Amino acid sequence: GTISSGDELYGYFGQVAPQFCRNLKIEKPVYAAELYFERLMMAARKMPVYKAFSQYAHITLDLTFKKIGSYTQIKERAFVASEKLISVALKDTYKDTITLRFVFTDPAKNLTEQEALEQLEKIKIGMESVKK
C-alpha cells in the first residue's frame, strides 16, 4: 500500500513476498515499509502547534460592517490585527453587510470588556486594508 496525504506520497508498506522469506528461511510473515522522511518532516512543520486552552474568561463581541472582501480575507485580517483574538465566526449577511462574531481572551489574565473593545477597534482599523 501507499502512505499519502492528498497528492503527496510519503512512502510504501506491505508484506514481503512469502517466497522471498522462505528463501531466507523465515517462516513467519514479514512486513516492511519505505518512508520518505524528508517529505514527512516537511509535512510535520505544516501542522499547527498545540496551544493550551485559556483558563481565563472569553469575551464575545459582534461587529457588523459593509462587506469589503471575502470572508476568508476578512478573517485572516482580523487575526493579524488582534493578538487576543481566538475565534471568528460568520453570524449573518444582509445585502452588502456582514456580521461577524469575535471571541477574545488573554492567556495570562481575564480581559476586561474595555480591553476587548480596544481589540475590536484594532480589527476595524485592520479591515481598511482588505481589498475586494
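Quick notes on this structure:
- Of the residues examined, residue 65 is not one that is on the phi < 0 side of the Ramachandran plot and either modelled with pLDDT of 90 or more or exposed (fewer than 11 other Cβ atoms within 10 Å of the Cβ) (or both).
- Among the residues of region 21-44, none qualifies, meaning not one is of a type outside the set (Gly, Ala, Ser) and farther than 30 Å from residue 1 by Cα.
- Among residues of region 10-26 that are in contact (Cβ under 8 Å) with a residue 24 or more places away in the chain, those with a Cβ under 6 angstrom from a residue that is part of a loop (DSSP other than H, G, I, E, B) and surrounded by 12 or more Cβ atoms within 10 Å (Cβ to Cβ), sequence gap 6+ or separate chain, pair up as 10/36; 11/36.
- Of everything listed in (1) assigned to a strand (DSSP E or B); (2) in contact with a Ser or Thr (Cβ under 7 Å, 6 or more places away or on another chain); (3) among the hydrophobic types (A, V, I, L, M, F, W, C), the single unmet condition for residue 111 is (1).
- Hits in region 86-113 - residues which are surrounded by fewer than 12 Cβ atoms within 10 Å (Cβ to Cβ) and either in contact with a strand residue (DSSP E or B) (Cβ under 8 Å, 6 or more places away or on another chain) or under 22 Å from residue 53 (Cα atoms) (or both): 92, 96, 97, 108, 109, 113
- Put simply, of 34, 76, 8, 83 the only residue that is of a type in the set (Asp, Glu), on the phi < 0 side of the Ramachandran plot and surrounded by 14 or more Cβ atoms within 10 Å (Cβ to Cβ) is 76.
- Of the residues 125, 98, the single one that is in contact (Cβ under 8 Å) with a residue 40 or more places away in the chain, on the phi < 0 side of the Ramachandran plot and out of contact with any helix residue (DSSP H, G or I) (no Cβ under 6 Å at 6 or more places or on another chain) is 125.
The values are calculated or read from the model by the stated rules, or taken from the named source; none is laboratory data. No experiment lies behind these values; they were computed from the predicted model shown. Backbone-built Cβ (ideal geometry, glycine too); neighbour counts: all protein chains shown.
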